[in-house]
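Please read the structure below before turning to the comments.
The values are calculated or read from the model by the stated rules, or taken from the named source; none is laboratory data. These figures come from a predicted structure and were not determined experimentally. Quick reminder, even Gly has a Cβ in these numbers, built from the backbone with ideal geometry, and neighbours come from all protein chains shown.
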There are 4 protein chains.
Amino acid sequence: MSKQAKIRIGMIGGGAGAFIGAVHRHAYGLDGDFELVCGAFSRDAANNLQTGESLGLDNERIYASWQQMLEQEAKLPKSVQMQAVVIVTPNHLHVPVSVAAIEAGFHVFCEKPAAVSLAEAQALADVLEKSDRLYGLAHTYLGYPLVWQARHMVQEGLLGSIRKVYVEYPQGWLSQEEELHNKQASWRTDPNLAGGSGCMGDIGTHAFGLAEFVLTDRITELCAELKTHVDGRRLDDDGAALIRTGKGASGVLLASQVCAGEENALKIRVYGEKGGLEWRQMEPNSLIHSPAGEPFRVLRAGLGQPGLCQDALARCRTPGGHPEGYLEAMANLYTDFARAVRSKQSGKAEGVPGIGSGLRGMAFIDAMLASSNSNEKWHKVADTRCVSKA
Amino acid sequence: MSKQAKIRIGMIGGGAGAFIGAVHRHAYGLDGDFELVCGAFSRDAANNLQTGESLGLDNERIYASWQQMLEQEAKLPKSVQMQAVVIVTPNHLHVPVSVAAIEAGFHVFCEKPAAVSLAEAQALADVLEKSDRLYGLAHTYLGYPLVWQARHMVQEGLLGSIRKVYVEYPQGWLSQEEELHNKQASWRTDPNLAGGSGCMGDIGTHAFGLAEFVLTDRITELCAELKTHVDGRRLDDDGAALIRTGKGASGVLLASQVCAGEENALKIRVYGEKGGLEWRQMEPNSLIHSPAGEPFRVLRAGLGQPGLCQDALARCRTPGGHPEGYLEAMANLYTDFARAVRSKQSGKAEGVPGIGSGLRGMAFIDAMLASSNSNEKWHKVADTRCVSKA
Amino acid sequence: MSKQAKIRIGMIGGGAGAFIGAVHRHAYGLDGDFELVCGAFSRDAANNLQTGESLGLDNERIYASWQQMLEQEAKLPKSVQMQAVVIVTPNHLHVPVSVAAIEAGFHVFCEKPAAVSLAEAQALADVLEKSDRLYGLAHTYLGYPLVWQARHMVQEGLLGSIRKVYVEYPQGWLSQEEELHNKQASWRTDPNLAGGSGCMGDIGTHAFGLAEFVLTDRITELCAELKTHVDGRRLDDDGAALIRTGKGASGVLLASQVCAGEENALKIRVYGEKGGLEWRQMEPNSLIHSPAGEPFRVLRAGLGQPGLCQDALARCRTPGGHPEGYLEAMANLYTDFARAVRSKQSGKAEGVPGIGSGLRGMAFIDAMLASSNSNEKWHKVADTRCVSKA
Amino acid sequence: MSKQAKIRIGMIGGGAGAFIGAVHRHAYGLDGDFELVCGAFSRDAANNLQTGESLGLDNERIYASWQQMLEQEAKLPKSVQMQAVVIVTPNHLHVPVSVAAIEAGFHVFCEKPAAVSLAEAQALADVLEKSDRLYGLAHTYLGYPLVWQARHMVQEGLLGSIRKVYVEYPQGWLSQEEELHNKQASWRTDPNLAGGSGCMGDIGTHAFGLAEFVLTDRITELCAELKTHVDGRRLDDDGAALIRTGKGASGVLLASQVCAGEENALKIRVYGEKGGLEWRQMEPNSLIHSPAGEPFRVLRAGLGQPGLCQDALARCRTPGGHPEGYLEAMANLYTDFARAVRSKQSGKAEGVPGIGSGLRGMAFIDAMLASSNSNEKWHKVADTRCVSKA
């Protein structure tokens, strides 16, 4: 064995004041596989420079724009240039930057959603199909060990045939007109930056993606109502749907940003003929398993914990009782992405949601918007071409 | 003051092997306001006799049929005859017995649902309107102190204008074909005994009634899907609906008896502009209040507990930390019913759900069935005439 | 079979304003086995009369004193006179009334503690030994189904040899000088009425009794510190002890009435070589079992619940998810007491704590007081003669 | 502003198979302030090399011994050599390495405990007093935001004068003779490597340090019993103590590694005249505050969360509901340590436990051992000279 070099990354977006950029930096730092070598953090030159310097970058690799960054980095020697781009801009730039980066020869790790429309996501999928570059999508919640455990238990048939799925994602932070003074709220409620949906695009897609991941099944039809509760807000801030899956389960999906008092309460419950499962993002290290006719049991995350599958154990860093959380979940995606880069996987990084997940998310948003605007009861969710393994 | 006599009651239904009859006996015994003086517990003569004797009844007041009981008791001296009938039969007898009892001059305390159809409930309502007899409906969950507290806080405007309501009632006990060997399951899944709906009639009505009670608002429209998951079962065992209320709130109602591993997990969450509330039947002595912009707080049931309204305090028997539960909740209904009898209230017993609640429940079931069978998105819930105070 | 008559009881103490008298009345009413036929509720004549009348008693059986009651009732025909006395006076009367009642031929069901000193309890034990009358002691917490389940699991060896026991009982209601205006607090802090200990007598004995019951073992040695935190208070309001048991376990016992904000948080944890158990009185329907090397599981109270022993199931009235609580726990003691009366058991009512438990409690209080006043580390808990089965 | 360089660190200990070395690497990676430049990870040459290479080190800076590392690094140019040493060896090397590193001019960040005896810790303290080098001690749990919040609330007097403190740390992982096959267990139970105490040194010190930190008070006296439950084990694996503090509070401290089924359940409860606080390490993002006479409230960790003090907010990276855990807590210590290095603080790094905490821990272990071996009731905890701010 010889020295294992860090993977060189550049970041686009994530200047001071942005939420998710810092999250990505914590996450990729956690396991030590990455080294930030360049960035284009903000269109505001001062913010851009300050962010880059605070992150230890040399001035010549703090770029004024993402276009300049892709162009200049491509000219550097292979052993120096960045290997992958981390995209943490508002949504409308996700596809343009991703496509340009892939075409310039860089891997891409992109904050979700993949795109602002299904068509745009499909265009990106087409580009990826012709490329050997890796594309990872930060569906952070799919990095939690016990989400993998839940999926494993469903796949193994421990619950029997699945009948019901209830997935919910209530938040409260947009209960008031937060967009007037909060940058995060502002772009998330602007259709030009966020896409056609607010709440469903921002968090509904997480609920949807979590359900499809755990079930290894597709939500094929839904009946939705979206709402906008705050005067002057331009996108939905709340909604719910009855849902049906390809394998015959049914249930409810809800997502809301006006549940005053709720923090980030993503939760999924799945019930089959033989038992049920419940997982809550805010207490992510417990997975409740209720086998029919037995006391319920609680599987706990952690190294060496009893009852966990290999995929779950591989995503733990500490023994049980040393809580790991949101940043560790995202770090798990980065670590799998690093492995994919190093082992020269192509297209889809094993363990990391990819464009397949992105397409599903876009199809979901489209179906929610269409259903909400219609008097017909059921709407199909488009049957997107490629299926994400994760 | 002189000696306070107990209220003399007779019970119809509730022979050995029935669940809810025993519950009623525990509940009315708890506060000592009632004395069982007669009964017609079962069409099975041996069961009937044995039940009556085990309850300390003299043989001559253990009647072979409810008709005989009403007839014979009516002939006894006023100071001896029963004053009220407790009805704990399968659903299809609720109205026939109620009507006969009221017409024979007795008060009625009836297990829910009030009827097996809206028309039948309306007929009973018509009878009640012309009578001065009391009619109480055992919507047990409306006897919990913190349900009253939640309603109080909504009414006082502590949450601001209500935007969202999520009410759910998952159970798991009918995950398998329980009706083959379980008497409770058997009649509940027989349309001739239970009415047109299984799960929605049995527990959906509880969820619905709880939501309307807490909100002091009506669910006016819904979009539902009902399901039957077990082969050969004749009624729905599961379902969910998007709902809208008269005052402009929206949300989700779900009820299921095939959520394997769930016990009796009735839960309501309400969110307004200024905060949220959450109450769970299985931990009934806590009410979570999340005022926007403050740490959430937990109101606790119990004598003298801080923050409770008078209606909540009046429904507690012990100081905080001495858990009261389901039987105490039903006892609270009986205690209010006793007060109504003693104070010669008429028609509606203060604090006890009445025929108004019964009508609402029937209208709900009708709307759920109609919606589930339709491709139209929204169905109106019938605007029943009389509004239950509770 | 013939009509099952109710057991006729008289109550001593429990006038308006008392806490525990009402609790007993709720509890014995719950299962319908008892009928109150007389009482001497208060030395205050008006209170006495009013209490009796509100409970439906005839004036001639509302007695001015407990002495009068015993004397008069003894003269009534056997089929009319009370069969058992319920004692809910302050502590100092427990033994005098118990002895007099037993000698007058009545069964006794007494609120705990059994006595105000070990010697006094021993005197009562001597009386009982020569009598065929039943004596039950209201160690309410020993009526909970899952306490029996915990004991069963320890006895069955599911935890292996027991190493550790932690039992705690924090309350907060005496954090301030409550005795100035609260009758409950007043007599509990008066050595003439409560005995030599405040907190340890009132609630420490519950913790102690729970530990010995679950372990089926005796606490043989302890090292304690008692404290009085409120100026002017005459008895301890707080304390803790290191403890050792006869079978070689060790641990901690704590009880306090100055843990501001705590309600009634009795809790026990037991750990053996093969696993642990945890039970909390404030969530009494769950028992956590942690078998070493497996996910922990939660046993739940309720009819038909999986994993419960017969003794636990027999103490449930409703299916899982219909919470039963404190009053039901005490009702379980009354129901076992009724069975003992009817089946003419003598001395010790099966399932009900008796004088053995009473002696243990007194020995515990003595040891705590002695240890707290000493500079020696370990004190023996007296090895009381008779062992309570429950 | 100019580019902010990372702080160059070397690691001693932490080869493959060690637990805590990896934890430190995750923790210092999280906020991106550090760069590992060298290491001496294991006396096993292969393990040492492999660990170093997997961490991206050049071979010439993977040293065969810690002595060699200090010597060689000291010879490198200031701009290249490591600035600080991270010590993650077994306990017996903590002081020898710390002293040598400080004398060689390096800052030290050391895993706890500081030493294997009070005398050894004092010797280190003497060295530090004469040096301007920084010394940080990884009392990880003192990095949690809500631990700072709890301390703040006590300091602000929100609980009034403190009466009671209960701190406990039950684990179950040493319930069996784990040391036969588990390297972590092996050295922790070897007096030559771990020091004179097993459980108290390993986790009791955490409980002790947490209590003194939250209370801003000293535990001055204790009465302890230590136990060894597993045959052949050479150090205590369990124990408890009654405790008294300098300001007059009292309570209980317990720590055990044989509570089968427990993971890592460090918990503290504090009660004052006006209310109580409870914090649990396994649910670290909630702090329960029970003000007397009000419903209890739950303070929640997270950026911008209501009710948090500045010290707590500064230790959060994400908004409420995005759980942060153990690695983030340790990262908080590293981040404060980085700030101290950059701002040229000396001796004590603000926000990071230092030798003062180390001395307290040693004094605690000494007192626990002495008390456990004595028949006298109370033992003093040595009044160590310097007080840690944190």
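Summed over the range C:66-93, the residues that are under 19 Å from residue C:132 (Cα atoms) and in contact with a helix residue (DSSP H, G or I) (Cβ under 9 Å, 6 or more places away or on another chain) give a count of 9. Checked against (1) outside any helix (DSSP H, G or I); (2) over 16 Å from residue C:287 (Cα atoms), residue C:179 passes all but a single condition, namely (1). Candidates are the residues of the range B:25-43 that are more than 11 Å from every other protein chain (Cβ to nearest Cβ) and touching a helix residue (DSSP H, G or I) at 6+ places or on another chain (Cβ under 9 Å); the one that is farthest from residue B:91 (Cα to Cα) is B:37. Among the residues of the range D:132-147, those identified as assigned to a helix (DSSP H, G or I), within 23 Å of residue D:201 (Cα to Cα) and of a type in the set (A, V, I, L, M, F, W, C) are D:142, D:147.
Go through the range B:35-79 and give me each residue that's within 22 Å of residue C:56 (Cα to Cα) and in contact with a Gly (Cβ under 8 Å, 6 or more places away or on another chain). Scanning the range B:35-79 gives B:36, B:37, B:38, B:55, B:56, B:57.
Regarding the range D:312-324, can at least one residue be identified that is touching a residue at least 24 places away in the same chain (Cβ under 8 Å), within 30 Å of residue A:203 (Cα to Cα) and of a type in the set (Ser, Thr, Tyr)? No, the range D:312-324 has no match at all. Residues in the range A:264-276 that are facing chain B (nearest Cβ under 9 Å) and part of a loop (DSSP other than H, G, I, E, B): A:273, A:274. With respect to being farther than 26 Å from residue A:375 by Cα and buried (at least 21 other Cβ atoms within 10 Å of the Cβ), residue B:325 fits the description.
Here is a list: B:215, B:242, B:235, B:222. Which entry is assigned by TED's automatic domain parsing to the domain that holds residue B:279 and out of contact with any helix residue (DSSP H, G or I) (no Cβ under 7 Å at 6 or more places or on another chain)? Checking each option against the conditions leaves just B:242. One residue alone among A:16, A:40, A:27, A:84 is of a type in the set (Gly, Ala, Ser), modelled with pLDDT of 95 or more and over 18 Å from the mean Cα position of the chain (by Cα), and that residue is A:40.
Screening residue B:306 with (1) closer than 30 Å to residue A:263 by Cα; (2) in contact with a helix residue (DSSP H, G or I) (Cβ under 6 Å, 6 or more places away or on another chain) gives one miss only, at (2). When each of A:32, A:17, A:52, A:56 is tested for being without any contact (Cβ under 8 Å) to a residue 60 or more places away in the chain, small (Gly, Ala, Ser), under 24 Å from residue D:30 (Cα atoms) and surrounded by fewer than 18 Cβ atoms within 10 Å (Cβ to Cβ), the lone residue that passes is A:56. Counting the residues of the range A:149-178 that are surrounded by fewer than 21 Cβ atoms within 10 Å (Cβ to Cβ) and either over 23 Å from residue A:265 (Cα atoms) or polar (S, T, N, Q) (or both) gives 7.
For the residues A:249, A:240, the requirement of being over 22 Å from residue A:161 (Cβ atoms), of a type in the set (Gly, Ala, Ser) and modelled with pLDDT of 95 or more singles out A:240.
Just for the range B:182-214: of the residues that are among the charged types (D, E, K, R) and in a helix (DSSP H, G or I), which one is nearest to residue B:93 (Cα to Cα)? It comes out as B:188. Scanning the range B:5-24 for residues that are more than 8 Å from chain C (Cβ to nearest Cβ) and among the small types (Gly, Ala, Ser) yields B:10, B:13, B:14, B:15, B:16, B:17, B:18, B:21. Checking each residue in the range C:169-187 for being more than 12 Å from every other protein chain (Cβ to nearest Cβ) and touching a residue at least 40 places away in the same chain (Cβ under 8 Å) picks out C:179, C:183, C:187. The single residue among D:84, D:114 that is away from chain A (no Cβ under 14 Å), touching a residue at least 24 places away in the same chain (Cβ under 8 Å) and more than 25 Å from residue A:34 (Cα to Cα) turns out to be D:114. The residues of the range B:242-263 that are among the small types (Gly, Ala, Ser), part of a strand (DSSP E or B) and facing chain A (nearest Cβ under 8 Å), listed by number, are B:250, B:251, B:256.
Listed here are the residues, each with its yes/no results for (1) surrounded by 24 or more Cβ atoms within 10 Å (Cβ to Cβ); (2) under 20 Å from residue A:373 (Cα atoms); (3) of a type outside the set (S, T, N, Q); (4) in contact with a His (Cβ under 9 Å, 6 or more places away or on another chain).
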{"residue": "A:239", "(1), (2), (3), (4)": "yes, yes, yes, no"}
{"residue": "A:250", "(1), (2), (3), (4)": "no, no, no, no"}
{"residue": "A:253", "(1), (2), (3), (4)": "yes, yes, yes, no"}
{"residue": "A:259", "(1), (2), (3), (4)": "yes, no, yes, no"}
{"residue": "A:262", "(1), (2), (3), (4)": "yes, no, yes, no"}
{"residue": "A:276", "(1), (2), (3), (4)": "yes, no, yes, yes"}
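Screening the range A:276-292 for residues that are touching a Gly at 6+ places or on another chain (Cβ under 9 Å) and free of Cβ contacts under 8 Å to residues at least 24 places away in the same chain and picking the one that is farthest from residue C:302 (Cα to Cα) gives A:282.
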